[in-house]
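Data block below; observations after.
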Amino acid sequence: MSKVKVGIIGCGNISSIYCEAGEKFPILDIVACADLDFERAKTRAKQYNIPNAYTVEELLADSDIDIVINLTIPQAHAQVCLAALEAGKHVYVEKPLAITREDGEKILLLANKKGLRVGGAPDTFLGGGLQTCRKLIDDGVMGEVIGTTAFMMSPGHENWHPDPEFYYKSGGGPMFDMGPYYLTAMISLIGPIRRVTGSARISFPERKITSEPRFGQTIQVEVPTHIAGVLDFENGAVGTIITSFDIAGSKLPHMEIYGSKGSIIVPDPNTFGGPVLLRKHGSLKWEEVPLTHGFTNNSRGIGVADMAEALQTGRPHRANGELAFHVLDAMHAFIESSERGIHFELSSTCKKPEPLPVNI
Ligand SMILES: NC(=O)c1ccc[n+]([C@@H]2O[C@H](COP(=O)([O-])OP(=O)(O)OC[C@H]3O[C@@H](n4cnc5c(N)ncnc54)[C@H](O)[C@@H]3O)[C@@H](O)[C@H]2O)c1
């Protein structure tokens with residue numbers, strides 16, 4: 001397959017791993033990077049031998065570029081996605097797709113109108129760990145899926161991220177930051193969600209930054225930082241999720257799935273590898289299941305590579321806009337359910353993405 005030319009917009013913290021994607025996935029040819037802060041674009045270009053450090057406008061005007069990877073902060077996701085689509089480029093955006101449902105819809109509509117593709121992180125569900133879980137489910141080893149539990153219990157990001165403010169503003173919070181990993185994993189393993197129920201709170205209205213360079217500064221918290229939810233899936237399975245930035249520590253698992261024939265302990269959905277543990281009904285032991293798929297190291301970019309390949313063959317890509325929008329819709333629904341005291345029926349849905357073949 002021929003290479004697809006890619007430009008990266010947003011050269012912050014997460015951009016390094018995407019800059020390496022050109023080496024890991026031969027279909028991706030990263031030809032340019034851009035940032036509002038031009039110095040950051042220059043630094044990344046130099047570090048990773050990317051031929052062009054551009055301003056955002058220059059990158060969008062480069063007619064050689066087919067796919068824009070949008071690694072800006074969530075508050076800029078929609079604006080940058082829409083600008084890339086307007087410029088005639090396919091776009092793959094870090095999570096979440098957008099902050100509001102309205103912006104998410106605008107992105108999907110514009111892409112549809114222009115015949116362009118939208119892809120969205122996370123792509124960890126394409127890693128060897130979660131694909132092995134998917135195979136266990138698809139092969140019937142678990143029987144009928146009864147339910148799932150997922151726990152993202154953390155003390156927040158102000159102790160390590162150099163610029164953690166956005167995690168506590170609109171579009172941030174543990175559900176919008178980490179929920180996409182858990183919800184995308186659930187949807188890829190179980191299927192789309194029918195309705196959700198949530199309860200949410202802000203435990204600490206102010207957060208002190210303890211990372212450099214903003215050590216000692218205070219962040220005013222504007223979004224819920226502890227959210228507990230229940231999910232009813234379209235296929236009848238029932239899930240439970242807690243996402244929190246307010247927890248000192250916890251021994252709860254990242255994620256488990258329960259079936260009529262057995263349970264699996266799913267690896268951390270923010271990672272690509274294992275371990276995957278299976279316990280069948282009647283057994284007293286957990287057994288570690290050998291991983292059936294590759295991409296077990298940090299393989300961020302596999303979703304873009306899959307989209308690039310899909311563009312050439314005409315098939316649907318897996319980490320797609322409909323999936324990312326369904327996740328966005330569900331995340332809002334947990335908060336709205338909490339505010340309004342109702343079960344929230346989702347109006348969006350999506351197809352369960354195809355599993356990856358075992359031999360790649
Ligand atoms: N840091 C992580 O570990 C991590 C992990 C997974 C996903 N993400 C996601 O990746 C995205 C970026 O996170 P980050 O940690 O790299 O943030 P960051 O603040 O380190 O970097 C964001 C970069 O985007 C640039 N930017 C902001 N608005 C822009 C615009 N309109 N046009 C061009 N550039 C713009 C900023 O100047 C900055 O360099 C977020 O959506 C986040 O949710 C981050």
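The values are calculated or read from the model by the stated rules, or taken from the named source; none is laboratory data. Note that this is a predicted model, so its numbers are computed, not measured. Ideal geometry is used to build each Cβ from the backbone, glycine not excepted, and the neighbour counts take in all protein chains shown. Keep in mind that these areas ignore ligands, DNA and RNA; they rest on the heavy atoms of the full protein, side chains included. Shrake-Rupley method; radii C 1.70, N 1.55, O 1.52, S 1.80 Å.
Brief remarks on what is shown
- Solvent-accessible area of I202 with every protein chain in place, 1.4 Å probe, in Å² to the nearest 10: 70
- Each Cα pair under 8 Å and six or more residues apart adds its separation to the average, and for the chain the resulting relative contact order is 20 percent.
- Anchor K89: lysines whose Cα lies under 16 Å away (excluding residues fewer than 8 positions away in-chain): K3, K5, K106, K113, K114
- Scattering profile of segment 31-107 at q = 0.11, 0.14, 0.16, 0.19 Å⁻¹ [log10 I(q)/I(0), Debye over alpha-carbon scatterers]: -0.27, -0.43, -0.56, -0.77
- Furthest towards positive pole of dipole, S211, N49, V289, structure part the chain, Cβ charges: V289
- Between the amide H of I146 and those of Y258, G259, S260, distances stay under 5 Å, these residues lying 5 or more places away or on another chain, with hydrogens modeled in the peptide plane.
- Using θ = phi - 60° and Karplus 6.51 cos²θ - 1.76 cosθ + 1.60, couplings along segment 334-344 (whole Hz; Gly, Pro as x): 4, 5, 5, 4, 5, 5, 9, x, 9, 6, 10
- Using θ = phi - 60° and Karplus 6.51 cos²θ - 1.76 cosθ + 1.60, couplings along segment 262-277 (whole Hz; Gly, Pro as x): x, 10, 10, 8, 8, x, 3, x, 8, 10, 9, x, x, x, 10, 10
- Rolling a 1.4 Å probe over the protein heavy atoms of segment 50-125, with every protein chain left in place, gives an accessible area that is 50 percent carbon and sulfur.
- Ranked by solvent-accessible area (1.4 Å probe, protein heavy atoms only, all chains present), the residues H226, H254, H326 order from largest to smallest as H254, H226, H326.
- Dividing the radius of gyration of the alpha carbons in segment 197-314 by their Kirkwood radius gives 1.06 for Rg/Rh.
- Note on segment 164-238: with neighbouring protein chains present and a 1.4 Å probe, carbon and sulfur make up 54 percent of its accessible heavy-atom surface.
- In segment 146-234, GluC sites (Glu not before Pro) in a DSSP loop with at most 15 other beta-carbon atoms within 10 Å: E222, E234
- Percent of beta bridges antiparallel (DSSP, the chain, rounded to nearest 5): 60
- Amide H to amide H distances under 5 Å link M255 with F151, V266, where only residues 5 or more positions off or on other chains count and H is placed in the peptide plane.
- Dipole magnitude for segment 254-360: computed about the Cα centre from +1 point charges on Lys and Arg Cβ and -1 point charges on Asp and Glu Cβ, it is near 380 debye.
- Cα gyration tensor shape for segment 257-360, rounded if a/c is under 1.5, else prolate or oblate: oblate
- Accessible surface calculations at 1.4 Å, restricted to protein heavy atoms, place segment 147-222 at 38 Å² per residue.
- Under a 5 Å amide H cut-off, with hydrogens placed 1.01 Å from N, Y92 pairs with V68, I69, N70, G119 among residues at least 5 apart or on other chains.
- Computed from backbone phi with θ = phi - 60° and the Karplus coefficients 6.51, -1.76 and 1.60, the 3J(HN,Hα) list for segment 238-254 is 10, x, 10, 9, 10, 10, 8, 10, 10, 10, 5, x, 7, 10, 5, x, 5 Hz; x is used for glycine and proline.
- The distance linking segment 238-275 with segment 82-156 is 18 Å (Cα centroid to Cα centroid, whole angstrom).
- Based on every Cα atom in the chain, Rg and the maximum pairwise Cα distance Dmax equal 19.9, 62 Å.
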